[in-house]
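Peer 1: Handing you a structure now.
The values are calculated or read from the model by the stated rules, or taken from the named source; none is laboratory data. Only a predicted model underlies this, so the values are computations on that prediction, with no experimental measurement involved. Cβ: placed from backbone, ideal geometry, glycine included. Neighbour counts: every protein chain shown.
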Amino acid sequence: MNAKAEAVVTTIPMQDTSLDIWTSKYQLKTKTGEAVDKDINATYHRVAVALSQVENKDVRAEHMKSFAWALKNGAIPAGRITSNAGAEAHKPATSTINCTVSGSVQDSMNDILEKNHEAGLTLKAGCGIGYEFSTLRPKGAYVAGAGATTSGPLSFMDIFDRMCFTVSSAGGRRGAQMATFDVHHPDVIDFIQAKREDGRLRQFNLSLLITEDFIEAVRNDSDWNLSFPVTQKEAEEEGLDLTDTSKFVYRDFPVLTGYVVNEEGKVACRIYRTLKAQFIWDTIMTSTYDYAEPGFILIDKVNQMNNNWFCEDIRATNPCGEQPLPPYGSCLLGSVNLTMFVDYPFTDKASFNYEKYRKVVGIFTRMLDNVVEINGLPLAEQRHEITNKRRHGMGILGLGSTLAMLRMPYGSAESVQFTEEVVKEMAVEGWRQSLSLAEEKGVAPVMNEDFEITPKMLGKCPQLSKDGYKLGDKLPGRVLHAKYSRYMQEIAKVEPSW
């Protein structure tokens, strides 16, 4: 190797910008601003020690050493882990979880304000939060208890917006929120255009829940009914003819209690007005072009691909939109820096060190699983959700730089094949380590729960009917997860022995 190439292999010191980010966001300091973490290695040590405390005493030192090694070799926990793990003496009320999703916001004043309170506690702990607001009745709908009409979901979003601004101002870290909204809702146009009003909903990212039937309606230039559920009480008192398809439609809805539900698990909804699907689509595209919002979530695809499809109905995401989650779900994430695994970068001998990569992924899987035990979440429902399912996610960063270091043109067939191989190796190694953890420490409790087959489950997974299961039958979570989730079916193609 020539001198120039050899110099490239040398570890690059942290740049000024990197140091500035570490100092301002992740370096632990006392309340007077004195540094507790003297340098980045001290931060790694603090995090490694905190995560190793979860382990049995006789192996803690061993795991602490391997955790510290992984952190120095490409494992990058999410920001709240790096900032708050092991920091209890200086900020005891903070969480190691970056983001969460709220419980379903029920269509009542009491529950709206309760969810606002829960969100305030969540933001105070340093977590972002996502909500679905299309569970609230549309503007102008009659509220029997108040003897008046409602101002609609967007007006209640304004309350959450101001709360987030106030809490984040007090805590110093800007709060993060996501609001999702179903494309069937009568106020969908108002939601799409909400940020055209100066200063409104500035503490929110906005995303539409787009369904497959809406996409079909756009393709076919069809009409699109905007609807909202009728309550059982409304149907009975008003003598509604729910079979009149010009006035009512049955569709999926995340809340069933109090509404009229058919044998397929769909909810009876009153049609408020009808628009061309193409008009709604054009309104979305115009707003996205002008204001970069709302985002676009293919919610049916999300639920089809969800590992926990049998016990979750996902309707919201974390504030940045990359992690769909169930009610009270948590965003426990980490990334692996691919540039750390390139040997002889920028030379003819450049190669990717898969052995080291798999080792880091394996150790990192254990580290993220340990975060579950020190989650610091403020709500009992959040803590139950994360401990019952032990969900975490791992991704990659530095792909473009890694391709350059390997001398692969970005977007070439070779680079696509490399990317597929890298993410496949991460998925499979993560699965192997998860199995080992289950054998060592026990499975996530949800895997041992029994779940009754419902109409909605049969609709999501027709294979259940083909295999002879019917309504009312019960299956354990481990079977519904391992045999019937689409992700695990893909894993089985690579690791059939498991």
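Peer 1: Just name the residue that is nearest to MET305 (Cα to Cα) out of those in the range 461-486 that are surrounded by 15 or more Cβ atoms within 10 Å (Cβ to Cβ) and hydroxyl-bearing (Ser, Thr, Tyr).
Peer 2: Once the filter is applied, the top-ranked residue is SER485.
Peer 1: A further question follows. For the range 74-109, which positions are polar (S, T, N, Q), at pLDDT 95 or above and more than 30 Å from LEU399 (Cα to Cα)?
Peer 2: SER102, SER104, GLN106
Peer 1: Take the residues in the range 450-474 that are in contact (Cβ under 8 Å) with a residue 40 or more places away in the chain and either touching an Asp or Glu at 6+ places or on another chain (Cβ under 8 Å) or not β-branched (Val, Ile, Thr) (or both), then tell me which one is farthest from VAL267 (Cα to Cα).
Peer 2: PHE451
Peer 1: Which residues, taken from the range 228-250, are free of Cβ contacts under 8 Å to residues at least 40 places away in the same chain and either closer than 13 Å to ILE280 by Cβ or in a strand (DSSP E or B) (or both)?
Peer 2: Listed by number, the residues that qualify are THR231, PHE248, VAL249, TYR250.
Peer 1: With the checklist (1) under 25 Å from TYR131 (Cβ atoms); (2) loosely packed, with under 13 Cβ neighbours inside 10 Å in hand, flag the one item THR211 doesn't pass.
Peer 2: Looking at each condition in turn, THR211 falls short on (2).
Peer 1: Can you pull out the residues in the range 418-430 that are over 14 Å from PHE352 (Cα atoms) and buried (at least 18 other Cβ atoms within 10 Å of the Cβ)?
Peer 2: Listed by number, the residues that qualify are GLU429, GLY430.
Peer 1: Out of the range 432-449, which residues are crowded, with 17+ Cβ neighbours inside 10 Å, free of Cβ contacts under 8 Å to residues at least 60 places away in the same chain and not in a loop (DSSP other than H, G, I, E, B)?
Peer 2: Result: MET447, single match.
Peer 1: Looking at the range 263-280, which of its residues are among the small types (Gly, Ala, Ser) and assigned to a helix (DSSP H, G or I)?
Peer 2: Listed by number, the list holds a single entry, ALA277.
Peer 1: Going through the range 228-242 one residue at a time, which ones are buried (at least 17 other Cβ atoms within 10 Å of the Cβ) and among the acidic types (Asp, Glu)?
Peer 2: Within the range 228-242, GLU234 is the sole residue that qualifies.
Peer 1: Looking at (1) buried (at least 22 other Cβ atoms within 10 Å of the Cβ); (2) more than 23 Å from LEU256 (Cα to Cα); (3) not assigned by TED's automatic domain parsing to the domain that holds VAL422, which one does PHE310 not meet, given that it meets all the others?
Peer 2: Unmet condition: (2).
Peer 1: Ok, one more. With respect to the numbered conditions (1) loosely packed, with under 13 Cβ neighbours inside 10 Å; (2) in the same structural domain as THR149 (by TED's automatic domain parsing); (3) touching a Lys or Arg at 6+ places or on another chain (Cβ under 8 Å), which one is the sole condition not fulfilled by VAL105?
Peer 2: VAL105 satisfies every listed condition except (1).
Peer 1: What's the total number of residues in the range 119-149 that are under 17 Å from ALA179 (Cβ atoms) and either surrounded by fewer than 19 Cβ atoms within 10 Å (Cβ to Cβ) or among the hydrophobic types (A, V, I, L, M, F, W, C) (or both)?
Peer 2: 8
Peer 1: Which members of the range 112-134 meet the condition of being of a type in the set (Asp, Glu) and closer than 12 Å to LEU377 by Cβ?
Peer 2: GLU118
Peer 1: Could I ask something else about it? Kindly indicate which of SER155, SER151 is free of Cβ contacts under 8 Å to residues at least 40 places away in the same chain, part of a helix (DSSP H, G or I) and closer than 24 Å to ILE284 by Cα.
Peer 2: SER155
Peer 1: From the list ASN262, ASN303, ASN308, pick out the single residue that is touching a strand residue (DSSP E or B) at 6+ places or on another chain (Cβ under 9 Å) and in contact (Cβ under 8 Å) with a residue 60 or more places away in the chain.
Peer 2: ASN303
Peer 1: Of the residues that sit in the range 332-385 and are assigned to a helix (DSSP H, G or I) and β-branched (Val, Ile, Thr), which one is surrounded by the most Cβ atoms within 10 Å (Cβ to Cβ)?
Peer 2: VAL371
Peer 1: Continuing with the same structure: Tell me the residue from LYS301, LYS276 that is within 18 Å of GLU216 (Cα to Cα), modelled with pLDDT of 95 or more and basic (Lys, Arg), please.
Peer 2: Residue meeting the stated conditions: LYS276.
So that you can scan it fast, the table gives a plain yes or no per residue for (1) in contact with a strand residue (DSSP E or B) (Cβ under 9 Å, 6 or more places away or on another chain); (2) touching a residue at least 12 places away in the same chain (Cβ under 8 Å); (3) over 24 Å from ASN353 (Cα atoms):
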position	(1), (2), (3)
HIS45	no, yes, yes
GLU55	no, yes, yes
ARG60	no, no, yes
HIS63	no, yes, no
SER66	no, yes, no
GLY74	yes, yes, no
ALA78	yes, yes, no
ALA85	yes, yes, yes
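Peer 1: Would you pick out the residues in the range 169-227 that are of a type in the set (Asp, Glu) and either at pLDDT 95 or above or assigned to a helix (DSSP H, G or I) (or both)?
Peer 2: Scanning the range 169-227 gives ASP182, ASP187, ASP190, GLU212, ASP213, GLU216, ASP221, ASP223.
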